[in-house]
Amino acid sequence: QVQLVESGGALVQAGGSLRLSCRASGRTFSTSSMAWFRQSPGKERDFVAVISAGSGSTYYADSVKGRFTISRDNTQNMVYLQMKTLKPEDTAVYYCAGSRRVGNPTSQGDFHSWGQGTQVTVSS
C-alpha cells in the first residue's frame with residue numbers, strides 16, 4: 001500500500017506555470033507506476049500523465065502534451081507535475097495515483113492508491 005498527499009495547487013494567470021508535488025509513503029512506491037489525473041466540476045476524472053516504475057518512461061494526454069512534464073524521485077518518494085503555458089481549461093482538482101500494472105496504465109480502475117487532490121485554478 002502507498003499513501004499519497006498532493007500539494008502545490010494555486011490560482012494562476014493563463015500562460016503561467018505551476019509545479020505540483022505528490023509525497024508518497026510505503027514500500028511499494030519504487031515499483032509502482034505513478035500518474036496524475038484531474039477533474040473539473042461536473043466532468044469526469046481524466047488522465048493527465050503517467051511515469052513507469054522501472055525505466056521512467058512517460059505518457060501524456062494529448063491535451064497536455066508539450067506543456068506538462070511528469071517526473072519522479074524514488075530516493076525521496078516524490079512525484080511531480082510541472083505545468084507550463086497553463087490554460088483556463090486546465091482548471092481542475094489534480095489527483096496523484098499509484099498503480100502496480102505493467103507499463104503505463106491510464107485508466108482509473110488500474111490505480112489502487114489515490115491522493116486527496118489539490119486545486120489548480122487558471123484565470124483568463
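Annotations for the structure displayed:
- Rounded to the nearest 20 debye, dipole of segment 69-124 from Cβ charges on Lys, Arg, Asp, Glu: 120
- In Hz, Karplus ³J(HN,Hα) per residue of segment 114-124 (6.51, -1.76, 1.60; θ = phi - 60°; x = Gly, Pro): 9, x, 8, x, 9, 7, 10, 10, 10, 8, 6
- Alpha carbon Rg of the chain, scaled by the compact-globule rule 2.2 N^0.38 Å: 0.97
- Options 11, 25, 121, ranked by Cα towards positive dipole end of the chain, top entry (Cβ charges): 25
- Among 75, 97, 85 - extreme Cα towards positive end, dipole of segment 56-108, charges at beta-carbon: 75
- Each other residue within a Cβ distance under 13 Å of residue 18 adds +1 if Lys or Arg and -1 if Asp or Glu, for a net charge of +3.
- Loop GluC sites (Glu not before Pro), segment 2-99, which have at most 15 other Cβ atoms in a 10 Å radius of their Cβ (DSSP): 44
- In this Cβ point-charge picture (+1 for Lys and Arg, -1 for Asp and Glu), segment 1-64 has a dipole of about 180 debye about its Cα centre.
- When +1 charges are put on Lys and Arg Cβ atoms and -1 charges on Asp and Glu Cβ atoms, the dipole computed for the chain relative to its Cα centre reaches about 180 debye.
Since every read-out is calculated from the coordinates, none of them should be taken as a lab result. Remember, it's a predicted structure, so these values are computed and weren't measured experimentally. Neighbour counts run over all protein chains shown; Cβ positions are idealised from the backbone, glycine included.
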